[in-house]
Amino acid sequence: MRRRDGASDWSIYEDLGAPDLFVETFALGSWSEHVRQHGRAVVADQALLTKLAALSEDAGVVHLVDARALAAARARGAHIEPPHPEHP
């Protein structure tokens, strides 16, 4: 699903110290691409994400941006919006 939606990289990690803890990571080309991803979510994806959320403890969502790319964008005068309220 992440790759279909434009992710250039996708991984899932399991914590060896806590076998029930998994962390998903994926990379997109830009923050605006991530924002567009939320607008493209299909019904089947929403159903899957809802099921996954029910299986997890709410560990939250973290948005990390390549610091070099962010600095370059800001130097060009770009305004980068912080994470959207539904995904702090």
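The values are calculated or read from the model by the stated rules, or taken from the named source; none is laboratory data. Here the structure is a predicted model, which means the values were calculated and not measured. Glycine gets a Cβ as well: all are built from the backbone with ideal geometry, and neighbour counts include every protein chain shown. Please note that ligands, DNA and RNA were not included when accessible areas were found on the heavy atoms of the full protein model with its side chains. Shrake-Rupley method; radii C 1.70, N 1.55, O 1.52, S 1.80 Å.
When you look at Ser32, is it hydroxyl-bearing (Ser, Thr, Tyr) and out of contact with any strand residue (DSSP E or B) (no Cβ under 6 Å at 6 or more places or on another chain), yes or no?
yes
Step by step: first the residues of the range 10-20, then only those that are of a type in the set (A, V, I, L, M) and at pLDDT 85 or above, then the one that is most open to solvent (accessible area, probe 1.4 Å). Which residue is that?
Leu16
Give the range 34-68 a look and list any residue that's acidic (Asp, Glu) and at pLDDT 75 or above, or say none.
Asp45, Asp66
Whether any residue in the range 21-43 is more than 30 Å from His79 (Cβ to Cβ), open to solvent by 70 Å² or more (accessible area, probe 1.4 Å), out of contact with any helix residue (DSSP H, G or I) (no Cβ under 7 Å at 6 or more places or on another chain) and part of a strand (DSSP E or B) is what I want to check.
Yes, the conditions are met somewhere in the range 21-43.
Within the set of pairs 6 or more residues apart or between chains, which connect a residue that is among the hydrophobic types (A, V, I, L, M, F, W, C) and part of a strand (DSSP E or B) inside the range 6-19 to a residue that is modelled with pLDDT under 85 and open to solvent by 100 Å² or more (accessible area, probe 1.4 Å) with Cβ atoms less than 8 Å apart?
Listed by first residue and then by second, the contacts come to Trp10/Arg3; Ile12/Phe22.
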